[in-house]
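What follows is calculated from the coordinates using simple rules that are stated; it is not laboratory data. Being a predicted model, the structure only gives us computed values, none of them experimental. Positions of Cβ are backbone-derived with ideal geometry, glycine not excepted, and every protein chain shown enters the neighbour counts.
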Amino acid sequence: MEGAITNVCYNMLDRNVNNGLGDRVAFYWEGNDPEDHAQITYRELLCEVCKFSNVLKKKGLKKGDSVAIYMPMIFEIIIAMLACARLGIIHSIVFGGYSEEALAERLKGGKCHLLIVGDGVWRGTKLLNLKNIADGAMAICEKQGHNVTSCVVVRHLTPAEEDIVPGGCTDYDEEEIHCVIAKRPYKKLGIHWTEGRDTWWHDEMSSVSDECEPEWMDAEDPLFILYTSGSTGKPKGVLHTQGGYMLFAATTFKYAFDYHLNDIYWCTADVGWITGHTYVCYGPLAYGATSVIFEGVPFYPDPGRFWAIIDKYKVSKFYTAPTAIRSLMKHGDEHVKRYNRESLKVLGTVGEPINPEAWLWYHKVVGNGKCAIVDTFWQTETGGHTLTPLPGATPCKPGSATFPFFGIVATLLTEDGKVIEGEGEGYLVFKQPWPGIMRTVYGNHERFETTYFKKFFGYYCTGDGARRDKDGYLWVTGHIDDMLNVSGHLISTAEVESALIEHSSVAENAVVARPHPIKGECLHCFVTLKDGKTFNSKVIEELKLQVRKKIGALATPDFLQEAPGLPKTRSGKIMRRVLRKIAVGDRNLGDVSTMADESVVDLLFKLRPNDL
Ligand code: ATP
């Protein structure tokens with residue numbers, strides 16, 4: 001659509017307001033604490049977005065500049081991103097859980113001189129002082145010659161401005177004080193303030209007009225940069241553009257969730273991930289949808305929180321990740337059954353292969369056996385769903401993302417690039433471009449070409465493996481690097497993991513390849529047991545037997561080790577490349593900047609079984 005002009009924000013807001021949806025709720029906000037909630041209509045959202053666009057203009061930002069956003073799940077994160085879109089400013093959202101180093105890297109990489117932050121956030125019982133982390137990131141940038149000249153701070157938890165000493169800092173203490181925002185006690189945050197650089201969002205918003213003309217953009221102008229989650233290596237700054245991305249976000253949203261205007265839709269992803277960009281913000285808003293956004297975590301105050309929220313807002317379309325489903329499953333059915341969940345119609349999943357066990361639990365227990373399950377396979381790079389069932393129309397098989405979405409031509413290739421017709425397993429590639437395909441790796445077009453187009457000329461290479469069964473269904477097996485070759489047989493780790501999780505004591509597990517003197521490679525399995533279960537020789541034998549039974553003797557694991565936790569990215573994905581290093585006792589782990597909890601690595605090294 002090069003040469004066509006549009007404005008994404010206009011399409012999300014003005015168009016819906018002009019079409020009579022102004023008073024419709026765009027978002028219900030559910031805070032970390034079940035007592036905290038709010039809502040915003042399309043008209044109110046448009047007004048706030050125009051105001052913040054004027055703030056950005058006042059700060060001298062214009063079309064083509066870039067802005068970083070580091071915030072909790074509050075309305076302001078959506079307002080900030082849409083204000084950028086309104087002015088043609090490229091937004092680069094950094095998940096509000098990343099460390100100061102990771103944020104600094106993204107500030108520099110995105111050439112961002114303005115940072116929008118929330119002061120802090122509660123995640124369950126954990127308080128994160130985002131502003132202090134942002135201060136650390138800005139200091140790192142300064143040392144490295146990149147200046148962040150302006151930082152706009154959203155007051156989300158800070159009780160009163162008197163508590164902030166200009167130029168200095170309030171002492172952090174555990175004192176309970178009254179919070180004017182949430183109207184209930186909060187711990188004192190204690191944020192630092194740098195005069196001349198830091199300003200409050202509400203101060204900036206108090207003196208600007210609530211009208212702002214959108215900047216008309218070429219369909220191929222950049223819309224945003226977003227870094228991948230780093231499961232396979234150093235994160236890539238993926239760049240998406242205006243027209244194609246918007247079209248793809250909107251269309252996939254409508255069809256994969258069978259969206260209708262009376263639906264209440266909830267995607268649990270943080271806006272800091274691509275799922276949040278496409279299916280919390282751009283897709284739903286394009287259709288004037290009413291969505292829920294949630295600040296907290298699935299286990300606070302108890303593991304029934306998701307289902308409580310579903311009942312509270314009468315959610316009909318729900319979208320979450322296999323990692324959340326697996327960990328909720330671990331806590332038993334009773335937390336689900338306390339709620340009626342009658343409003344639910346479609347249940348979606350994304351992020352990792354979902355093992356049939358978890359798929360069936362989602363379908364039978366969460367969906368009471370009456371909801372369509374949509375297992376959507378896609379990537380930061382693809383902008384939206386590339387393989388997905390259409391609910392109610394595609395007969396499903398638990399664990400298969402089924403068939404390609406409209407416009408996606410999926411092909412399987414052998415290692416040497418031969419097309420696999422019919423049944424078989426190989427590299428999942430796409431034969432032609434689609435509207436939402438990324439356009440480049442920001443600032444490194446060569447990496448874009450090498451990563452996605454070099455291995456198989458004429459195809460986009462997803463980097464994932466997949467199997468096509470006799471009925472033509474596609475089963476994504478995960479990153480191709482995670483496959484293993486035992487005595488000449490290609491085994492997918494996903495298959496072994498599915499076999500292991502069927503054992504009644506297993507809560508979660510991850511399988512990697514480990515070099516073997518005779519077989520070439522063998523399996524090393526990291527197993528997290530359910531609460532109260534013990535890892536002993538009996539369990540080990542049962543697990544081995546389970547894999548033999550389900551897959552065959554050649555897949556019998558050589559190593560089974562206890563894993564009190566697994567190394568995961570902050571988006572909840574298992575980092576198998578780190579586990580591969582642990583399996584061979586190599587402490588040189590590579591880029592771990594996106595790992596959620598590094599302490600688990602030491603523990604796994606300690607529990608590592610000896611060599612054969
Ligand atoms: P990086 O590219 O930095 O290594 P990443 O691959 O985790 O990180 P994302 O874009 O966050 O980057 O995730 C995309 C990947 O997630 C896919 O390539 C695939 O491996 C996995 N994935 C997503 N959805 C599914 C699904 N429904 N079934 C199987 N795998 C999925």
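The count of lysine pairs in the stretch 282-436 that are at least 8 places apart or cross chains, and whose C-alpha atoms lie under 18 Å apart, stands at 18. Using C-alpha pairs under 8 Å with a sequence gap of at least 6, the mean separation divided by the residue count of the stretch 189-247 gives a relative contact order of 27 percent. Each of Val117, Val152 was scored by other Cβ atoms within 10 Å of its Cβ. Arranged with the fewest first, they read Val152, Val117. For the stretch 299-340, the gyration tensor built on C-alpha atoms gives an oblate shape. Its axis ratio a/c (a ≥ b ≥ c) is at least 1.5, and a/b is not larger than b/c. Just check the stretch 473-612 against the gyration tensor rule for me: Cα atoms, a ≥ b ≥ c as the square roots of the eigenvalues, rounded for a/c under 1.5, and otherwise prolate or oblate depending on whether a/b exceeds b/c. Rounded, because the longest to shortest axis ratio a/c is under 1.5.
Label-to-label distance, Lys397 versus Tyr300, with points set 7 angstrom from Cα along the beta-carbon direction: 4.1 nm. Between Ala553 and Thr125, the contour length at 0.36 nm per residue exceeds the Cα-Cα span by 149.5 nm. Relative contact order of the chain, taken over Cα pairs closer than 8 Å and 6 or more residues apart, is 11 percent. Helical content of the chain, expressed as a calculated mean residue ellipticity at 222 nm, amounts to -7500 deg cm²/dmol (DSSP H runs of 4 or more residues, -39,500 (n - 2.57) each, divided by residue number, nearest 500).
In this simple spin-label model, placing a label point 7 Å from the Cα along the Cα-to-Cβ direction at both Phe457 and Asn340 gives a separation of 6.3 nm.
Please sort 207-217, 286-296, 37-47, 267-277 by packing, taking for each peptide the average over its residues of neighbouring beta carbons within 10 angstrom, highest first.
267-277, 286-296, 37-47, 207-217
Here Arg305, Arg15 are placed in order of increasing Cβ neighbour count within 10 Å, fewest first, which gives Arg15, Arg305.
Protection proxy ranking for 50-61, 241-252, using the average of other Cβ atoms within 10 Å per residue and placing the highest first: 241-252, 50-61. Compactness check for the stretch 74-150: Cα Rg over 2.2 N^0.38 Å is 1.11.
For the stretch 189-208 versus the stretch 324-369, the spacing of their alpha-carbon centroids is 42 Å. Extension gain for the segment Asp218 to Asp586, taken as residue separation times 0.36 nm less the Cα-Cα distance, is 127.6 nm to one decimal. The mean sequence separation of alpha-carbon pairs under 8 Å and at least six residues apart, normalised by the residue count of the stretch 455-612, gives a relative contact order of 17 percent. Just check the stretch 312-368 against the gyration tensor rule for me: Cα atoms, a ≥ b ≥ c as the square roots of the eigenvalues, rounded for a/c under 1.5, and otherwise prolate or oblate depending on whether a/b exceeds b/c. The shape class here is oblate.
Using a simple charge model, +1 on the beta-carbon of Lys and Arg, -1 on the beta-carbon of Asp and Glu, nothing else, what dipole does the stretch 477-612 show about its Cα centre, in debye to the nearest 20?
Charge dipole, the stretch 477-612, about its Cα centre: 100 debye, nearest 20.
FRET efficiency for the Ser99 to Asn19 pair, using the beta carbon distance and R₀ = 41 Å, is estimated at 0.45.
The simple spin-label model puts a point 7 Å past each Cα toward its Cβ; for Thr194 and Lys143 those points are separated by 1.3 nm.
Judged by the mean number of other Cβ atoms found within 10 Å, the most tightly packed of the peptides 79-85, 599-605 leads the ranking 79-85, 599-605.
Where in the chain are the DSSP H helices whose alpha-carbon span along the long axis reaches 15 Å or more and whose Kyte-Doolittle mean is at least -1.0?
Span-like helices here: 42-58, 75-87, 130-143, 243-256, 537-550.
The slack between Glu502 and Asn610, meaning 0.36 nm per residue of separation minus the straight C-alpha distance, is 36.2 nm.
Zone of Asp210 (label point 7 Å along Cα→Cβ, backbone N under 13 Å): which residues in the stretch 8-52? Under 13 Å, as judged by backbone N against the label point of Asp210, lie 23, 41-52 of the stretch 8-52.
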